[in-house]
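First the structure, in the form of structure tokens, and then the observations on it.
We did not get these values from a lab; they are worked out from the coordinates using the rules stated. What you see is a predicted model; the values in this text were computed from it and never measured. Ideal geometry is used to build each Cβ from the backbone, glycine not excepted, and the neighbour counts take in all protein chains shown.
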Amino acid sequence: MERICIQGGRALAGRIPISGAKNAALPLMAASLLTDDPLHLSNLPDTLADITTLATVLEHHGVRTRRTGPGAMTLQAGRIENARADYDLVRRMRASVLVLGPLLARQGYAEVSMPGGCAIGTRPVDLHLRGLEALGATIELREGYIVARAPRGLTGGEVVFPHVSVGATENVLMAAALARGTTRLVGAAREPEVCDLAHCLMAMGAEIEGIGTDVLTVHGARELSGASHAVIPDRIEAGTYAMAAGITGGELELIGARAADLPGVLDKLAEVGVEVTANGDGLRARGQGGTPAAANVTTEPYPGFPTDLQAQFMALMTLARGESVITETIFENRFLHVCELERMGADIRVEGGTAVVHGRDHLDGAPVMASDLRASAGLVLAGLAARGETVLHRVYHLDRGYERLVDKLAACGAAITREPDDG
Ligand SMILES: CC(=O)N[C@H]1[C@@H](OP(=O)(O)OP(=O)(O)OC[C@H]2O[C@@H](n3ccc(=O)[nH]c3=O)[C@H](O)[C@@H]2O)O[C@H](CO)[C@@H](O)[C@@H]1O
Ligand SMILES: C=C(OP(=O)(O)O)C(=O)O
């Protein structure tokens, strides 16, 4: 185990290269199951723990994965050797459930462990299953496994999502790409990661209309081919570092970040006084002396404010002038960072899915415990601004989603180190 130690109070300045998006990369890797040709992925955040875990899951199904350079991986599912994804692998990472649609479409059979909940919520998969049933699959739940069958292949159909689900949209989209006939996904997620997957499927030979809207029309292909595809930059990593500039009153250039992927976030940052502007090869984020204005935020599907930036925004608001109301609508238990922020002196009151934050004039460094990926990022931001030392335990959560976080921040002037944690 390792911990991160931060001496707070330094304004950050410098350039941070933004990595490829984890949440785009994982479905793209799963899409390799749809063809026996090689899929070449670049700009892959391949040092993340989640990428390695999914590569292991895919190898278990017979996919040959080859790292061909920094951020580059070739995946080839010449033959599916095993259509069962075991509990031991799936429980390590929920995104493993994304193999369900592709395996079913390609093999007519898939058996995937139910992913179960996690710290931030129960995270059901009923919409994934209903969507695949609408394409003709029969599905039963047996001893903790989803057993899905379509012995004569999947057939296009109409899938109406009662509310937005990124994972269900991705699973059904991949399955529809190999189904007979046309599928309409109504109420589909519009997240940039879903669009990235759709663009890759197009490069593999799928025909998809409506990318970026909430109605996707997929004309299934008899077979798909290989392709080369570059993963989009990580909007959540970019948003996290923009908030790091805001909370420290610094100025960061976020190389490769795209304003178009951050509509709800950039509006909110402007409201609190963190100026984010486009520059030649990315975005420039500038804080104003580390004292933001207060603003209310409600997490929503894209293009609203993302749940994956809620903890980081809350950290920023702990130092704001005034009161902010933060409402989490996607996950029922995504305020695990609150009690840790309170240990640093933050003034936060939680009522159900809402946190009321009274900004303070400072935070104090403290030992804190990471509970999940984005909560950890929020605690790092708080530590960068706090007086004295913050020690973050259980940093493996961060390793799921932030490449070289300590190096990137240290290069911009943060006093931050990573060391073995014996405690
Ligand atoms: C809409 C949204 O913001 N999705 C986020 C969600 O994606 P992820 O794909 O993990 O979750 P979904 O988008 O599927 O979940 C959205 C909501 O739908 C519910 N649900 C989902 C599937 C299902 O079958 N039944 C069901 O009821 C979930 O409990 C949740 O309340 O977590 C990811 C990791 O934090 C984020 O990157 C995504 O942006
Ligand atoms: C919670 C996250 O990931 P996952 O859905 O893989 O748990 C995240 O990216 O913030």
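So which trypsin sites (Lys or Arg not before Pro) in the range 131-218 are both in a DSSP loop and have at most 10 other Cβ atoms within 10 Å of their Cβ?
Here the sparse-neighbourhood loop sites are R152.
Regarding the chain, what are the three Cα extents along the principal axes, ordered largest first, in Å?
For the chain, the Cα extents along the three principal axes come out at 65, 45, 41 Å.
If you take the square roots of the eigenvalues of the alpha-carbon gyration tensor of the range 66-145 and sort them as a ≥ b ≥ c, do you get rounded (a/c under 1.5), prolate (a/b over b/c) or oblate?
The shape class here is oblate.
Let me check I've understood the local charge: for G167, count other residues with C-beta under 12 angstrom from its C-beta, Lys and Arg +1, Asp and Glu -1. What total comes out?
Net charge around G167: -2.
Could you give the distance between the Cα centres of the range 183-260 and the range 90-137, to the whole Å?
The distance from the Cα centre of the range 183-260 to that of the range 90-137 comes to 20 Å.
Search the structure for amide H atoms under 5 Å from the amide H of A320, placed 1.01 Å from N in the peptide plane, and list their residues when 5 or more places away or on another chain.
Excluding prolines and chain starts, which carry no amide H, the hits are G359, R360.
In whole angstrom, how far apart do the alpha carbon centroids of the range 308-362 and the range 48-84 sit?
Answer, in whole Å: 38.
Ignoring the sites themselves, what is the longest stretch of the chain with no GluC sites (Glu not before Pro) in a DSSP loop and at most 14 other beta-carbon atoms within 10 Å?
224-331
Once every DSSP H run of n ≥ 4 in the chain is given -39500 (n - 2.57) and the sum is divided by its residues, what mean residue ellipticity at 222 nm do you get, rounded to the nearest 500 deg cm²/dmol?
Computed mean residue ellipticity for the chain: -8500 deg cm²/dmol.
Please list the radius of gyration and Dmax for the range 125-247, considering alpha-carbon atoms only, with Å as the unit.
Rg, Dmax (Cα atoms, Å): 16.1, 56.
Each residue of the range 104-114 in turn: what ³J(HN,Hα) in whole Hz from Karplus with 6.51, -1.76, 1.60 and θ = phi - 60°, glycine and Pro shown as x?
Once θ is set to phi - 60°, the couplings for the range 104-114 become 5, 5, 7, 10, x, 7, 7, 9, 10, 4, 4 Hz.
Rounded, prolate or oblate: which fits the range 368-417, taking a ≥ b ≥ c as square roots of the Cα gyration tensor eigenvalues, rounded meaning a/c under 1.5, else prolate when a/b beats b/c?
oblate
Pop out the ³J(HN,Hα) list for the range 159-168 in order, Karplus 6.51 cos²θ - 1.76 cosθ + 1.60 with θ = phi - 60°, rounded to Hz; leave Gly and Pro as x.
Result, ordered by residue: 10, 10, 8, x, 8, 6, 9, 5, x, 5 Hz.
Could you work out the pair-distance distribution P(r) of the range 22-230 from its alpha-carbon pairs, with 10 angstrom bin width and percents rounded to whole numbers?
10, 40, 40, 11, 0
Put one equal scatterer on each alpha carbon of the range 327-380, apply the Debye formula with no solvent term, and list log10 I(q)/I(0) at q = 0.20, 0.22, 0.32 1/Å to two decimals.
-0.72, -0.86, -1.36
Starting at the first residue of the range 339-346, write each ³J(HN,Hα) from the Karplus equation 6.51 cos²θ - 1.76 cosθ + 1.60 with θ = phi - 60°, in whole Hz, x for Gly and Pro.
Ordered by residue, 3J(HN,Hα) equals 5, 6, 5, 4, 5, 8, x, 5 Hz.
What's the whole-number percent of alpha carbon pairs in the range 286-423 lying beyond 17 angstrom?
Every Cα pair in the range 286-423 considered, those over 17 Å come to 58 percent.
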